[in-house]
Structures are given as C-alpha cells and as structure tokens.
Amino acid sequence: MKTLEKKSLVFIVDDVPENIQIALSHLKGLNLEFAYATSGEQALARIKNRPPSLILLDVMMPGMDGFETLKAIRRVVALNSIPVIFLTARSEPEDIAKGFKLGGVDYITKPFHGAELRSRVNNHLELHSYRKNLEETIEARTQETVLLKDIIILAMGELAEHRDAGTGGHIQRTSTFVKLLANALLKQGSFFQAMTPEFIALLYKTAPLHDIGKVAIPDAILLKKGRLTEEEFDEMKRHTLYGERVIDKLEQMAGEPMPFLQCAKEMVGSHHEKYDGSGYPRGLSGDEIPLAGRIMAVADVYDALMTSRSYKRALSHNETMEIMKEGRGSHFDPVVFDAFLSVEQKFAEIAWKNKKMLFTISPVRQLDTNRAVPGN
C-alpha cells in the first residue's frame, strides 16, 4: 500500500480576513495545507500547537505587529527554523532591512501578484525541506560518529581490564560512580565554574580509559598473586604514564586540542595522586591535581576495596567507608569526599547490584599495601 505524502502546512497571519482569502486563492493550486490567524497573539498560540513549514506574516497589525510576532516566534526553539515571508504594503528600505535582520527570509509587497507569491512560497518550501533533510542527515552521521567513539573507548577500556580478570566490571562501575559523584558536586555547588553538564558528560565518557596504561604492564606483574616487590610496584605505578602516552598519540593524530582527550589524559595521569602529595606519578597535591583525577580517585578506591581480588577479599560497604574516611584530606580532596558521603548509599546499591561483585565471608587478612590500596 502506497503511503500518502504529507502535505506542507503554510500558516497565513493577517488582521484583514480578505487578505487571507486573496493569498489562499493564489496558492490553492499548490499541493499544500493552510492555517491562519488574524493577530500575532493568536498566531503564536496556534503555531505552537502545530508548527508549519512556512509562515506568511503581515507586518502592520494592531497589538503585536509582524516584527514583534517574529521576535516571539524566534524565541521558541521548536519554531526557530521556520521560514517567514513578510507580506506588507510598506516597502521602505528600512522596514525591509529590519525584517531580514529579525530573521525573515523574504519580503513581498501588497498587492502581490499570484505568480510571484506562488513562486516564492514554493521556492522557500523546497529550500526549507532541503535544509531540514540535510540537518537530519548531519545529525544522523554525528550520532554514528559519537556512538563509534564511545564504542572504541569502551573497547580500549575493556582491553585493559581483560588482562586482569580479577577486576571484572571495574570500568563500568567506576564510570557510574564518577557520574554519580560529579552530579553530587554539581548539586552541592562545588567547583561551579568547572562542574558543567558538558564536563560531567566528559568525565563519564572518559572514565573507561583511566587504567588504559595497564596494557603496557607485564603479565608477571599485573597478574601476580600476592605482594609485589618494590621494583614491581614501581613498574605498576608507571601505568599512569603509559596511559598518558597513549592519549598523547591520539592527540597528535587528531591534530588539534580536543576537550575529550584532554579530560581523559588528566584522569589517566592523576587518579593515583593523593591530596597530601604522597601519591604518584608526580606527587601532586591539593588543587594541583586535576579535578578529573580527584573525582576518579574516590570512585577507583571505593571499587577496589569493595571488589574481591586474588590477593584480598572484598570488604563490606561499612568496612570500605571506615578506611576511606581516614583518607579525607590526605588521600582524597575533602570537598569531593564530602560529596561522596552524600551519595554513599547509592554507591553501595550500585556495587551490590553488580552480579560480578562477590562479597566473601572469609576471615580478614592483612591487606597488601602494594596491591590493595586501592586502585592498583
């Protein structure tokens, strides 16, 4: 069964009904639908209910004139791209210029000729349809590109995680934790200049890359059961620097600065720094540590303590919180940590719901300071 082609809707606005009838008589031969209003206020109410493909707008009307009506139309996002042709008896250059400045696409003086009106209406409908189709195509391609980027990022993170099966689900959990924590900071008004919705989206999307540098760590170290030697632990620490190098290469390939890669590099290189300067790889302290790294530090440590590994049992939420509270102001940025406290129960719910998160009831063993403190 053949689908009927949807007709374009043309909306005519004029305070004189006779003028509307004249316009309709000239346009009746076109395959269009029509609607009308006799005032600017009435037009706005009706257009919002069913946005047209084109508006024919009289300039000289009582109350809200055509110029004011167009201003109001352009303030509504859903109506902002609708082409508007002015119909008026006034043809002064300053009026024409004002109409174009406000966003009108054409200007036809009264009394208008039928052939001219039909031609201009038809041309602008075709242009609008072409632009709309082009915008939809660009949007679809953009969404495909974004999706591809997200898939590649996730794959890279999964690659690093795959080499250490004991951390299963780590990147998904920490990504969720980071987003939850960032939104908590936004809610409490902390770092208000940096903590924008765009930055929160970047944090969430770059979080899977935070341990990407582990792909360069030898299996003998990464998969070792038990305590690492001092030399092995020094090598493990270098995963932050290896990760930075990977992203540096991506930046060079991009050929220009990209907020996404900058955020990723900051998180990768600084999520093991500590607020008091005792972390690695550079011993940064306080606000020297990028905000992305300070946020990931909390998420990463929480997940590390709550997860069962070959060299340690999983701690309970209460045990984890007891250890982490000791790190407020030393390991963790106190502002970030206080935001964490406001959502700690949500962290616990996410951890418990993850089927790969196994909580054992084995006796507490002495934690290996070269592996279990968190986030290695």
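Give me the pairs: first residue in the stretch 88-102 and under 18 Å from residue 16 (Cβ atoms), second residue assigned to a helix (DSSP H, G or I) and modelled with pLDDT of 85 or more, beta-carbon distance under 8 Å, and six or more apart or on different chains, which are they?
Going by the 8 Å Cβ cut-off, the qualifying pairs are 88/66.
Need pairs with beta-carbon distance below 7 Å; first residue closer than 20 Å to residue 308 by Cα and within the stretch 222-233, second outside any loop (DSSP other than H, G, I, E, B) and modelled with pLDDT under 90; sequence gap 6+ or separate chains.
Pairs that qualify, where the first residue is closer than 20 Å to residue 308 by Cα and the partner is outside any loop (DSSP other than H, G, I, E, B) and modelled with pLDDT under 90, are 222/214; 228/221.
Condition check: assigned to a loop (DSSP other than H, G, I, E, B) and at pLDDT 95 or above. Does residue 362 satisfy that?
no
Mind telling me which of the residues 228, 185, 209 ends up being at pLDDT 90 or above, of a type in the set (A, V, I, L, M, F, W, C) and surrounded by 16 or more Cβ atoms within 10 Å (Cβ to Cβ)?
When all the criteria are applied, what remains is 185.
Does residue 110 qualify as being among the charged types (D, E, K, R), without any contact (Cβ under 8 Å) to a residue 40 or more places away in the chain and on the phi < 0 side of the Ramachandran plot?
Criteria not met by residue 110.
Considering each of 236, 258 in turn, give the residue that is of a type in the set (A, V, I, L, M, F, W, C), buried (at least 16 other Cβ atoms within 10 Å of the Cβ) and more than 24 Å from residue 350 (Cβ to Cβ).
Details: 258 fails: buried (at least 16 other Cβ atoms within 10 Å of the Cβ).
Just a single option satisfies the conditions, and that option is 236.
Which one of the conditions (1) surrounded by fewer than 19 Cβ atoms within 10 Å (Cβ to Cβ); (2) among the β-branched types (Val, Ile, Thr); (3) more than 30 Å from residue 345 (Cβ to Cβ); (4) at pLDDT 90 or above does residue 215 fail to meet, given that it meets all the rest?
Here residue 215 clears every test but (4).
Residues checked against (1) within 15 Å of residue 103 (Cβ to Cβ); (2) surrounded by fewer than 17 Cβ atoms within 10 Å (Cβ to Cβ):
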{"site": "8", "(1), (2)": "no, no"}
{"site": "21", "(1), (2)": "no, yes"}
{"site": "29", "(1), (2)": "no, yes"}
{"site": "38", "(1), (2)": "no, no"}
{"site": "74", "(1), (2)": "yes, yes"}
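What helices (runs of 4 or more DSSP H), lying completely within the stretch 183-291, carry at least 3 residues that are more than 23 Å from the chain's Cα centre (by Cα) and over 17 Å from residue 337 (Cβ atoms)?
Counting at least 3 such residues, we get 219-222, 230-237, 239-254.
Could you tell me whether any residue of the stretch 27-35 is in the same structural domain as residue 83 (by TED's automatic domain parsing) and assigned to a helix (DSSP H, G or I)?
Here is the first cut: in the stretch 27-35, the ones in the same structural domain as residue 83 (by TED's automatic domain parsing) are 27-35.
Narrowing the set further to residues that are assigned to a helix (DSSP H, G or I) leaves 27.
Yes: the stretch 27-35 contains one or more residues that are in the same structural domain as residue 83 (by TED's automatic domain parsing) and assigned to a helix (DSSP H, G or I).
Of all residues in the stretch 82-98, count the ones that are out of contact with any Asp or Glu (no Cβ under 9 Å at 6 or more places or on another chain) and either at pLDDT 80 or above or assigned to a helix (DSSP H, G or I) (or both).
7
Hey, any hits in the stretch 38-48 for a residue that's in the same structural domain as residue 124 (by TED's automatic domain parsing), closer than 23 Å to residue 119 by Cα, free of Cβ contacts under 8 Å to residues at least 24 places away in the same chain and assigned to a helix (DSSP H, G or I)?
Within the stretch 38-48, the subset in the same structural domain as residue 124 (by TED's automatic domain parsing) is 38-48.
Okay, now just the ones that are also closer than 23 Å to residue 119 by Cα, so none.
No; the residues of the stretch 38-48 include none that is in the same structural domain as residue 124 (by TED's automatic domain parsing), closer than 23 Å to residue 119 by Cα, free of Cβ contacts under 8 Å to residues at least 24 places away in the same chain and assigned to a helix (DSSP H, G or I).
Would you be able to tell me the number of residues in the stretch 80-102 that are among the hydroxyl-bearing types (Ser, Thr, Tyr), touching a strand residue (DSSP E or B) at 6+ places or on another chain (Cβ under 6 Å) and crowded, with 16+ Cβ neighbours inside 10 Å?
Residues that pass the stated criteria total 0.
With respect to residue 327, is the statement that it is surrounded by 14 or more Cβ atoms within 10 Å (Cβ to Cβ) and of a type in the set (Gly, Ala, Ser) true? Walk me through how you get there before you give the answer.
Numbers: surrounded by 14 or more Cβ atoms within 10 Å (Cβ to Cβ): yes; of a type in the set (Gly, Ala, Ser): yes.
Taking the combined requirement at face value, the residue satisfies it.
The values are calculated or read from the model by the stated rules, or taken from the named source; none is laboratory data. Because the structure is a prediction, the values reported are computed rather than measured. As a convention, Cβ positions derive from the backbone with ideal geometry for all residues, glycine included, and neighbour counts pool all protein chains shown.
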